[in-house]
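In what follows, a single structure is set out as structure tokens and then discussed.
None of the figures in this text is laboratory data; all of them are computed from the coordinates on show. Because the structure is a prediction, the values reported are computed rather than measured. Every residue, glycine as well, gets a Cβ built from its backbone with ideal geometry; the counts of neighbours run over all protein chains shown.
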Amino acid sequence: MTPPPFRTRISELFGIDHPLLCGGLMWLSDANYVAAVVNAGGMGFITPRSFPSEDAYRDELKKCADLTGGQNFGVNIYVSARPEANEALGRLLDVAIEEGVRNVETAGFSPKAFMPRIKDAGMRSIHKCTTVRHAESAVRAGADAICLLGAEAGGHPGMDMIGAMVQGALAARSLDVPFVLGGGMGTGKQLAAALALGADGILLGSRMTVAEEIWADEKYKQRIVEAGVADTRIVMSIFRDNSRVLDNETARAVAALEAEGVTDFEAYRPLVRGPNQRQAYAEGDPERGTLSMGQSCAFADRVEPVAAIFDRILSEASAARDRVNSLGR
């Protein structure tokens, strides 16, 4: 493992060697992947809804604890606008607490309803959001840290579509808690730039989908290795729910419905349903489903272990820091 070249508030908060967080990836963030992230000196988050049952999810938490030798790891809680969905999420949070998980990444809507449970359990929380306004609200609700996603992010980058560099400069002015930048992040130069802006680290998502420890079929990973910065597109804007996905056959079919002005969600459901995505990963079919993918796919240039990806990022960040230092008079 690379010796820690940077110490920041985020590495201190989570007790990790490197200011590198790997956000929860639906269907993909299992014990093997998250443990690899933690063992390489970062912080990862298991996605509870990726598993078919509460027992399977609990088993995954136990497995991750074993693989990390008892080191801290996290879970992802995606807060919904639907109360019934959040009730189920509350139970998933309780399971994590029962299993001694110390960290939680909340995302989506406000984490306020979950904060009493999180605080009472002594968990450390980071809320992932897409504007500084939402970040400030999450801090008031009790979040210990913030992840700000830029428009480059895969999945749900929000409706305002503010770039990560702008987000970082704005957040540094108004947030007192540790924060990291996400969205298009995948290189050490970006880590150095984020730290220079005042951020405490970066969040990696799409960049990590080619990690050896990700269980997806190799044919899917090779598609990402071949992808360029222009190989994503925004869909579902018609429902005010921007989603940045891989530009594949399914995404183009969704875009065609939107271009026709179709507003009946049932017309979209067969294309965007979650199990399609899992099947795509399992079978290595990158044309099936709306597959979350950010512009950092441009940096996912080979399949390699998490530790190797981290080593490259940290080495490049150190070189970028040295370059800036060399420019002083």
| task | Just need the relative contact order of the chain here, percent rounded to a whole number, with Cα pairs under 8 Å and 6+ apart. | result | 17 percent
| If you rank Asp55, Asp30 by fewest surrounding Cβ atoms within 10 Å, what's the result? | Asp55, Asp30
| request: Just name one of Ile118, Val245, Gly142: the one whose Cα is farthest towards the positive end of the charge dipole of the chain (beta-carbon charges, Lys/Arg +1, Asp/Glu -1). | output: Gly142
| task | Using a cut-off of 11 Å between beta-carbons, work out the net charge of the residues near Asn72 (Lys and Arg +1, Asp and Glu -1, Asn72 not included). | result | +2
| Which residue, chosen from Ala280, Thr290, Phe265, occupies the Cα position most advanced towards the positive end of the dipole of region 253-294, where the dipole is computed from +1 (Lys, Arg) and -1 (Asp, Glu) charges on Cβ about the Cα centre? | Ala280
| message | Sort 307-316, 75-84 by the packing proxy (mean of other Cβ within 10 Å over each peptide's residues), most packed first. | response | 307-316, 75-84
| field | Dipole magnitude (debye, nearest 20) for the chain, charges at Cβ of Lys, Arg, Asp, Glu | value | 960 debye
| message | Is there a quick way to get the dipole size of region 44-142? I mean about its Cα centre, with the Cβ of Lys and Arg at +1 and of Asp and Glu at -1; what is the value in debye to the nearest 20? | response | 460 debye
| query | Remind me, what semi-axes does region 30-184 give for its equivalent ellipsoid, largest first in whole Å, using sqrt of 5 times each Cα gyration tensor eigenvalue? | reply | 26, 17, 15
| request: Check every DSSP H run in the chain and write down those whose alpha carbon atoms cover 24 angstrom or more along the long axis and whose mean Kyte-Doolittle hydropathy is 0.0 or greater. | output: 306-326
| query | Going by how many other beta carbons lie within 10 Å of each one, how would you line up Lys189, Lys221, fewest first? | reply | Lys189, Lys221
| log10 of Debye I(q)/I(0), alpha-carbon scatterers only, for region 232-292 at 0.12, 0.18, 0.24, 0.30 Å⁻¹ | -0.25, -0.55, -0.95, -1.37
| note | Computed D for the chain, Stokes-Einstein, Kirkwood radius over alpha-carbon pairs, 37 °C, 0.692 mPa s, to the nearest µm² per second, is 166 µm²/s
| message | Working only with C-alpha atoms, what are the Rg and Dmax values of region 177-329, expressed in angstrom? | response | 17.9, 63
